[in-house]
Amino acid sequence: MKKPVMGIQLYTLRDYIQTAEDFDTTLERLGKMGVKDVQISAIGDIEAEVQRDILNKHSMKVCVTHKSMDRMRDELEELMLEHKIIGSKRQGIGSAPSNARGNIGSVRAFIKKADAIGKIMKENGFTFNYHNHAFEFHRLDDSRKCMMDLLLEETNPEYFNFIPDVAWIHYGQQNPVDVLKKMKGRVKVIHFKDYIFDDEGVRHFVPLGQGIVNLEDCYKTACELEIPYIMYEHDSDWPDDDPFKACEQSWEYMMKLDKAYKG
């Protein structure tokens, strides 16, 4: 049984990847931690060739990206070329557009567009990947269906893949392990994230292993399903307002998970 490759979702460090110089420095810091695989998201206006050169300098590989649905719709040829340059065959969106969430009809319209984009991507050697939040698990209209039900049931598995975010699944009052199993065969990258509720019931993201998400079970399931990558992501609420500190603490936890699991 092959263990997932661990890495960092650079959205966590988005304020530190807006220029080529900062991107270089950030990858250097991650490299010293032992990180060799990243996801690119929310990066600044840095040419793909420059990204590639900096990635190569630090022996980093890109397992997936997050780009906008608008770019996928309007600039897909250019986007695929950029991904070819940086060496990533997976393109993802961080969320469904707001106009795709309201009801069953709007979700089905989104599915039609996403499948069409995914078909073109597959024909050119790429894959379309969808990252969830919690709203996908809210019931639509007066039905028993939620958006995730439709994404699982009505998208074409050949064209539509998932980047399940275990914390958002948990926050959506679902068991991440159950959802991962429903997505079997359609996941190459998982997002590991953790959170707590304070005494007033407000959610706060925390470094991995410091919250309430069942990460050990998620890791075991990822191994069983032979999912290739786990990326750590942390949206906000970093310890001491320092996302690098959060990365260090979470990376240490991920290495402990990897070492402890024997299969």
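Scanning the range 26-58 for residues that are in a loop (DSSP other than H, G, I, E, B), among the small types (Gly, Ala, Ser) and farther than 13 Å from residue 7 by Cα gives 42, 44. Looking only at the range 127-140, decide whether some residue is polar (S, T, N, Q), within 28 Å of residue 71 (Cα to Cα) and either surrounded by fewer than 21 Cβ atoms within 10 Å (Cβ to Cβ) or touching a Cys at 6+ places or on another chain (Cβ under 9 Å) (or both). Taking every residue of the range 127-140 in turn, at least one turns out to be polar (S, T, N, Q), within 28 Å of residue 71 (Cα to Cα) and either surrounded by fewer than 21 Cβ atoms within 10 Å (Cβ to Cβ) or touching a Cys at 6+ places or on another chain (Cβ under 9 Å) (or both). Would you confirm whether or not the range 224-244 contains a residue that is surrounded by 15 or more Cβ atoms within 10 Å (Cβ to Cβ), more than 15 Å from the chain's Cα centre (by Cα), under 30 Å from residue 111 (Cβ atoms) and modelled with pLDDT of 95 or more? There is at least one residue in the range 224-244 that is surrounded by 15 or more Cβ atoms within 10 Å (Cβ to Cβ), more than 15 Å from the chain's Cα centre (by Cα), under 30 Å from residue 111 (Cβ atoms) and modelled with pLDDT of 95 or more. Scanning the range 1-25 for residues that are under 23 Å from residue 49 (Cβ atoms), part of a helix (DSSP H, G or I) and not charged (D, E, K, R) yields a count of 7.
The residue that is farthest from the chain's Cα centre (by Cα), counting only those in the range 74-103 that are part of a helix (DSSP H, G or I) and modelled with pLDDT under 95, is 99. Between 194, 198, 178, the distinction of being within 24 Å of residue 253 (Cβ to Cβ) and in contact with a Leu (Cβ under 6 Å, 6 or more places away or on another chain) belongs to 194 only.
In the set 188, 182, 193, only one residue is out of contact with any helix residue (DSSP H, G or I) (no Cβ under 9 Å at 6 or more places or on another chain), closer than 23 Å to residue 147 by Cβ and in contact (Cβ under 8 Å) with a residue 24 or more places away in the chain; that residue is 188.
Pick from 250, 236: which is part of a loop (DSSP other than H, G, I, E, B), of a type in the set (Ser, Thr, Tyr) and within 17 Å of residue 191 (Cα to Cα)?
Values: 250 fails: part of a loop (DSSP other than H, G, I, E, B).
Every option except 236 fails the conditions.
Can you tell me which residues in the range 208-222 are part of a helix (DSSP H, G or I) and either among the aromatic types (Phe, Trp, Tyr) or over 24 Å from residue 153 (Cα atoms) (or both)? Selection gives 215, 216, 217, 219, 220. Taking the criterion of being under 25 Å from residue 235 (Cα atoms) and in contact with an Asp or Glu (Cβ under 8 Å, 6 or more places away or on another chain), the only residue of the range 77-96 that qualifies is 96.
The values are calculated or read from the model by the stated rules, or taken from the named source; none is laboratory data. Note that the structure is a prediction, hence the values are computed from the model and not measured. Don't worry about glycine lacking a Cβ; one is built from the backbone with ideal geometry, like all the others, and counts go over all protein chains shown.
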